Amino acid sequence: MKIVTVIGARPQIIKAAALSRAIKEHFKSEVHEVIVHTGQHYDDNMSQVFFDELGIPQPDYNLGVGSASHGVQTAKMIEGIEDILLNEKPDYIVLYGDTNSTLAGAIAASKIHIPIVHIEAGLRSFNKSMPEEINRICCDHCATLLFSPTATGYKNLINEGIKEGIYHCGDVMYDNSKYFANIAEKKSHIIDKEGLIGTDYILSTIHRDNNTDQPERLTAIFKALLKISESRTVVLPLHPRTSKALTINLEKDLLDKITNNKNIKILPPASFLDMIELERHAQMIITDSGGVQKEAFFFQKPCLILRSETEWKEIVECGAAVITDADENRIIESYNNFVENPPHNFPQIFGDGNVALFICKEMLEKL
């Protein structure tokens, strides 16, 4: 079996590690994987470091698309992926999540009748103003095999009329978190390097454009973090978009308070192993990232979600996370509630840590 795996954004590179590892360990003689990097994230801190650090095979192709408007970026990817598919003639194209790379792969493959495998299928925010929502819906409705990490995702697919080739199998990121936690403990030195040993710190990540690019939302979030920093250290690995947005969208007085605050530690983007260590040792996590929400749950940390909705509704329903949106008062109130009453219920809702193995077996069986 030959598969073409398309990756482009940082989380996809990490997710792909689980499948590549399963192929290497269990299906080396049966599966040939061709990796295509679209270049959607092209900064070394956001991309190359993950190949090096996680031992992922280097891409066979790199389209080098880089940053552009949604339309321009996606169009360049479709053109490049189509050429590769025509050349490689794979049995499947494997797509992850909900980025422009995912959408481009789905469109390119569907037009030339190459079966699509969508990993992380069925997730819905029910907010079509999010580009990711459009991407994931389009991919799901083009896909042949759809692997949903949650029961809710599986039900969403059925409700949309998709009845065949769908699986509730768990999450490949849980595979990765289990596998890499021990490696991170040995290889990552970020806790010591940043002077966080013995510190009850809060970890925060902010990267979604509706938070970074809207001054009122970014201001509300950082006012809340400023308030929280009065009692706890706030550790903030900054996404490049957020770093740029701070100087543009925050008033100078607020920006000065943040940058001069000894209890707010602004860091460059963290590697995956460093992020695992930061998550494992944090008291609480405040984020707008879907992936970090899950990782908070994997490591049994309370989480505040800086969005108006989440695809991972199970972690909210069991009380492990709270949706605060970019609301200063709700962020502070929810933070205080979790400090006083931390959650203790973290049910096993993301599989058994062997999801990638299951996906490989199903692809081979359905070939």
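Over all directions, the average projected area of the alpha-carbon convex hull for segment 321-367 comes to how many nm²?
Details: hull surface 22.0 nm².
Over every viewing direction, the Cα hull of segment 321-367 projects on average to 5.5 nm².
With +1 on each Lys and Arg Cβ and -1 on each Asp and Glu Cβ, and nothing else charged, work out how big the dipole of the chain is about its Cα centre, in Debye to the nearest 20. Can you show the working numbers first?
On the way: 37 positive and 50 negative charges, 29 e Å.
Around 140 debye, computed over the chain.
Can you pull out the GluC sites (Glu not before Pro) in segment 151-239 that DSSP calls coil and that have at most 14 other Cβ atoms within 10 Å?
Working: sites: 160, 164, 185, 194, 216, 230; in loops: 160, 164, 194, 230.
Of the GluC sites (Glu not before Pro), the ones in loops of segment 151-239 whose Cβ has at most 14 other Cβ atoms within 10 Å are 160, 164, 230.
Report the one residue of 234, 72, 349 whose Cα lies farthest in the direction of the positive end of the charge dipole of the chain (charges on C-beta: Lys and Arg +1, Asp and Glu -1; origin at the Cα centre).
Looking along the dipole axis, the top candidate is 234.
Could you work out how far apart the two model spin labels at residue 151 and residue 181 are, taking each label as a point 7 Å from the Cα in the direction of the beta carbon, and quote it in nm?
Between residue 151 and residue 181, the label points sit 2.3 nm apart.
Between residue 58 and residue 141, what FRET efficiency follows from the Cβ-Cβ distance if R0 is 35 Å, with the result rounded to 0.05?
0.65
With charges set only on the Cβ (+1 for Lys and Arg, -1 for Asp and Glu), what does the dipole of segment 189-340 come to about its Cα centre, in debye to the nearest 20? Don't skip to the answer; put the middle values down first.
Values: 18 positive and 24 negative charges, 69 e Å.
Once rounded to the nearest 20, the dipole reads 340 debye.
Return the calculated 222 nm mean residue ellipticity for the chain, to the nearest 500 deg cm²/dmol, obtained by summing -39500 (n - 2.57) across DSSP H runs with n ≥ 4 and dividing by the residue count.
Details: 17 runs with 180 residues, N = 367.
That calculation yields -14500 deg cm²/dmol at 222 nm.
Given an 8 Å cut-off on Cα distances and at least 6 residues of separation, report the relative contact order of the chain as a percent.
Numbers: 672 pairs, mean separation 57.4, N = 367.
Relative contact order, the chain: 16 percent.
Just the ratio, please: alpha-carbon radius of gyration of the chain over 2.2 N^0.38 Å, N its number of residues.
Working: Rg = 20.1 Å, N = 367, 2.2 N^0.38 = 20.7 Å.
Cα Rg divided by the expected 2.2 N^0.38 Å: 0.97.
Treat every Asp and Glu Cβ in segment 93-154 as -1 and every Lys and Arg Cβ as +1, leave all other atoms uncharged, and give the resulting dipole magnitude about the Cα centre to the nearest 20 debye. It would help to have the intermediate numbers written out before the result.
On the way: 4 positive and 5 negative charges, 26 e Å.
It works out to roughly 120 debye.
If each residue of separation counts as 0.36 nm, what is the full-extension length gain between residue 210 and residue 362 once their alpha-carbon separation is subtracted? Walk me through the numbers on the way to the answer.
Working: separation 152, 0.36 × 152 = 54.72 nm, distance 3.74 nm.
Length difference between fully extended and current span is 51.0 nm.
List the longest stretch of the chain that has no exposed loop site; here a site is one of the trypsin sites (Lys or Arg not before Pro) assigned by DSSP to anything other than H, G, I, E or B, with at most 14 other Cβ within 10 Å. Display every interim value, and only then the final one.
Details: sites that count: 28, 128, 163, 262, 366.
Longest run free of exposed loop sites: 263-365.
Would you list which aspartates and glutamates come within 20 Å of residue 187, measuring only between C-alpha atoms, while excluding same-chain residues fewer than 8 positions from it?
Reachable aspartates and glutamates: 44, 52, 53, 175, 274, 277, 279, 295.
Could you please tell me the mean projected area of the C-alpha convex hull for segment 189-340, averaged over all directions and given in square nanometres to one decimal?
Working: hull surface 32.5 nm².
Hull-based average projected area comes out at 8.1 nm².
Every number here is computed from the coordinates shown, using simple stated rules; none is lab data. Since this is a predicted model, take the numbers as computed values, not measurements. Quick reminder, even Gly has a Cβ in these numbers, built from the backbone with ideal geometry, and neighbours come from all protein chains shown.
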